[in-house]
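Enquirer: Before I ask anything, here is the structure I am working with.
The values are calculated or read from the model by the stated rules, or taken from the named source; none is laboratory data. All values derive from a computational prediction rather than experimental measurement. Note that each Cβ is placed from the backbone with ideal geometry, even for glycine, and that neighbours are counted across all protein chains shown. With ligands, DNA and RNA removed, areas are computed over all heavy atoms of the protein, side chains included. Shrake-Rupley method; radii C 1.70, N 1.55, O 1.52, S 1.80 Å.
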Amino acid sequence: GHGRYQQLLDGNFCVSRNAALLPLLNDREALRNRLEQLRVPLPRHDPEASSCSLAKKAVRAAERIGYPVTVKPGTRNRDEGVSNGLRSAEDVRAAVDRARRHADRVVVESSVDGDCYRFLVANHQVLAVISNGLELPLGQVHESALLLAQRISSQLDVGMLVLDIVTRDISRALEES
């Protein structure tokens, strides 16, 4: 027909399928809280400084978490303004300045070593895994990563999901790598 079954995709969620997810589309803190409820393994963060507006507060959070850290804008914006592997208070201050160009608040969390694997999930099934612009054969991906992607998709009840998993070795169990 005329778009009756149309699905709106923002890059991560098929938003017309579950309106309850709309607040998660732009708010990193809300997304993190929801993923924590689902018991998804996430980088360490300082709950006392979950969203910082001042560089001084971000530096204190980084020191409590332990270096190296990542600083991100408080709103999701396609990885713009994200700084990884920061190892000093000076680096954090500069990263806060960069991130604040994209949002009023920033998020500080531990850096995770490894490569980023982007999972494309539709109807709770992993369709593809991409790393460094190349699609991986699903047989190279450990079952624990595939099951995590499927579980998150099912529990969020999304039609489509793009999920990034950072790990040293995608062929090993996530608990090990």
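Enquirer: Applying the selection to the stretch 110-151, what residues are of a type in the set (S, T, N, Q) and either out of contact with any helix residue (DSSP H, G or I) (no Cβ under 9 Å at 6 or more places or on another chain) or open to solvent by 20 Å² or more (accessible area, probe 1.4 Å) (or both)? Quick ask: steps written out before the conclusion?
Expert: Taking the stretch 110-151 as the starting set, the residues that turn out to be of a type in the set (S, T, N, Q) are 110-111, 123, 125, 131-132, 140, 144, 150.
Residues satisfying the conditions are 111, 123, 125, 131, 132, 140, 144, 150.
Enquirer: Does residue 154 fit the bill of being open to solvent by 50 Å² or more (accessible area, probe 1.4 Å) and among the small types (Gly, Ala, Ser)? Before you say what the answer is, go through the steps one by one.
Expert: Numbers: open to solvent by 50 Å² or more (accessible area, probe 1.4 Å): yes; among the small types (Gly, Ala, Ser): yes.
Judged against the criteria, residue 154 is a match.
Enquirer: Here is a follow-up. If I filter the stretch 15-67 down to residues being in contact with a helix residue (DSSP H, G or I) (Cβ under 9 Å, 6 or more places away or on another chain), in contact (Cβ under 8 Å) with a residue 60 or more places away in the chain and part of a helix (DSSP H, G or I), which single residue comes out as least open to solvent (accessible area, probe 1.4 Å)?
Expert: Once the filter is applied, the top-ranked residue is 21.
Enquirer: Within the bounds of the stretch 88-99, is there any residue that is in contact with a strand residue (DSSP E or B) (Cβ under 9 Å, 6 or more places away or on another chain), modelled with pLDDT under 95 and outside any helix (DSSP H, G or I)?
Expert: no
Enquirer: Among (1) under 13 Å from residue 116 (Cα atoms); (2) open to solvent by 30 Å² or more (accessible area, probe 1.4 Å), which single condition is residue 172 missing?
Expert: For residue 172, the exception is condition (1).
Enquirer: Within the set of pairs 6 or more residues apart or between chains, which connect a residue that is farther than 26 Å from residue 85 by Cβ inside the stretch 114-140 to a residue that is open to solvent by 70 Å² or more (accessible area, probe 1.4 Å) with Cβ atoms less than 7 Å apart?
Expert: 120/127; 121/127; 128/135
Enquirer: Related question: What are the residues in the stretch 71-80 that are surrounded by fewer than 21 Cβ atoms within 10 Å (Cβ to Cβ) and over 12 Å from the mean Cα position of the chain (by Cα), if any? Write out each step before concluding.
Expert: Looking only at the stretch 71-80, we keep the residues that are surrounded by fewer than 21 Cβ atoms within 10 Å (Cβ to Cβ), and these are 75-80.
Selection gives 80 alone.
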